[in-house]
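Trainee: Before we start, here is the structure in question, set down as structure tokens.
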Amino acid sequence: MPLYEFEGKKPKIAKDSYIHPQATIIGSVTIGSKCFIGPGAVLRADFGEIEVGDGTCIQDNCVVHADKKVVIGHNIIIGHGAIIHDVVLKSGVVVVMGAVVMNGAVAEEDVIIGAGTVVKEDFKIAKGKIVVGNSARIVKDLDEEGKQRILQGQQYYQSLPERYRKGLRIVG
């Protein structure tokens, strides 16, 4: 996997996390334990810093960039093609495919940001809410069924680092 030091700032990655060889990690990036970073994902902390908490999954072709600071908490799922820029995502957040979360946005615990949603600058999402649309609007509370689906997703993605280390092989 391409890991790049930038102006003396080096990525720090827990030994039990898995970074796909086609992911790119640049600069002041810290990745916690049991994380999965998918192919094509770019975590670029050349201006600021990025912190990724334990058990977090950042899927294929996501872009995470920090002008100042990105905080991605524990047990978060960031879906394919999402863009994350200078935000705080607290534990248990799910950012669904193609969502864009912009500077200064904050998602409290157990939030779902729907597919294709655009969360504008400085938007605050309270704990346990579901947001969708362009621009994002709160549409409902996260119910018990939704919480269970998030938990199942977390468990599924947290199994990937070990499975990839054991089972991924180049065949061509």
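Trainee: Taking the range 131-159 on its own, how many of its residues are at pLDDT below 95 and hydrophobic (A, V, I, L, M, F, W, C)?
Mentor: 2
Trainee: In addition: Kindly indicate the residue of the range 70-79 that is assigned to a loop (DSSP other than H, G, I, E, B) and touching a strand residue (DSSP E or B) at 6+ places or on another chain (Cβ under 7 Å) and also farthest from K127 (Cα to Cα) among those meeting that condition. Spell out how you get there, then give the answer.
Mentor: First pass over the range 70-79, keeping only residues assigned to a loop (DSSP other than H, G, I, E, B): 73-76, 79.
Going one step further and asking which of them are touching a strand residue (DSSP E or B) at 6+ places or on another chain (Cβ under 7 Å), we end up with 73, 76, 79.
Values: G73: 14, I76: 14, G79: 19 Å.
Checked the range 70-79; the qualifying residue farthest from K127 (Cα to Cα) is G79.
Trainee: Given the structure, is D122 over 12 Å from the mean Cα position of the chain (by Cα) and on the phi > 0 side of the Ramachandran plot? Lay out the reasoning, then the answer.
Mentor: On the way: over 12 Å from the mean Cα position of the chain (by Cα): yes; on the phi > 0 side of the Ramachandran plot: yes.
Yes.
Trainee: OK, next. Are any of the residues in the range 119-131 within 23 Å of A41 (Cα to Cα), part of a strand (DSSP E or B) and of a type outside the set (G, A, S)?
Mentor: First, the residues of the range 119-131 that are within 23 Å of A41 (Cα to Cα): 119-121.
Okay, now just the ones that are also part of a strand (DSSP E or B), so 119.
Then drop every residue that is not of a type outside the set (G, A, S), which leaves 119.
Yes - at least one qualifying residue is present in the range 119-131.
Trainee: For the range 29-64, enumerate the residues that are assigned to a strand (DSSP E or B) and buried (at least 22 other Cβ atoms within 10 Å of the Cβ).
Mentor: Initially, the range 29-64 is screened for residues assigned to a strand (DSSP E or B), giving 29-31, 36-37, 42-52, 57-58, 63-64.
Passing the criteria: V29, I31, F36, I37, L43, A45, I50, V52, C57, I58, V64.
Trainee: Go through the range 70-79 residue by residue and tally those that are more than 11 Å from V93 (Cα to Cα) and buried (at least 24 other Cβ atoms within 10 Å of the Cβ).
Mentor: Total satisfying the criteria: 1.
Trainee: What pairs come out if I take residues in the range 44-62 that are touching a residue at least 12 places away in the same chain (Cβ under 8 Å) and under 24 Å from E5 (Cβ atoms) and pair them with residues that are of a type in the set (A, V, I, L, M, F, W, C) and surrounded by fewer than 20 Cβ atoms within 10 Å (Cβ to Cβ) whose C-beta lies under 6 Å away, six or more apart or interchain?
Mentor: As it stands, the answer is D46/F6; E51/V71, since those pairs meet every condition given.
Trainee: Still on this structure, I have one more. Collect the residues in the range 60-93 that are of a type in the set (A, V, I, L, M) and touching a helix residue (DSSP H, G or I) at 6+ places or on another chain (Cβ under 6 Å), keeping them in residue-number order.
Mentor: First, the residues of the range 60-93 that are of a type in the set (A, V, I, L, M): 63-64, 66, 70-72, 76-78, 82-84, 87-89, 93.
Residue satisfying the conditions is I77 alone.
Trainee: Only one of these conditions is not met by D86: (1) in contact (Cβ under 8 Å) with a residue 24 or more places away in the chain; (2) within 11 Å of the chain's Cα centre (by Cα). Which number is it?
Mentor: Failing condition for D86: (2).
Trainee: If you don't mind, another one. Mind checking which residues of the range 133-153 are without any contact (Cβ under 8 Å) to a residue 60 or more places away in the chain and crowded, with 18+ Cβ neighbours inside 10 Å?
Mentor: Just the residues of the range 133-153 that are without any contact (Cβ under 8 Å) to a residue 60 or more places away in the chain, to begin with: 133-149, 151-152.
Within the range 133-153, A136, L142 qualify.
Trainee: May I ask you to say which residue of D16, D67 is touching a strand residue (DSSP E or B) at 6+ places or on another chain (Cβ under 7 Å), at pLDDT 95 or above, surrounded by fewer than 20 Cβ atoms within 10 Å (Cβ to Cβ) and not in a strand (DSSP E or B)?
Mentor: Values: D16 fails: touching a strand residue (DSSP E or B) at 6+ places or on another chain (Cβ under 7 Å).
Of D16, D67, the one residue that is touching a strand residue (DSSP E or B) at 6+ places or on another chain (Cβ under 7 Å), at pLDDT 95 or above, surrounded by fewer than 20 Cβ atoms within 10 Å (Cβ to Cβ) and not in a strand (DSSP E or B) is D67.
The values are calculated or read from the model by the stated rules, or taken from the named source; none is laboratory data. No experiment lies behind these values; they were computed from the predicted model shown. We place every Cβ from the backbone using ideal geometry, glycine too, and count neighbours over all the protein chains shown.
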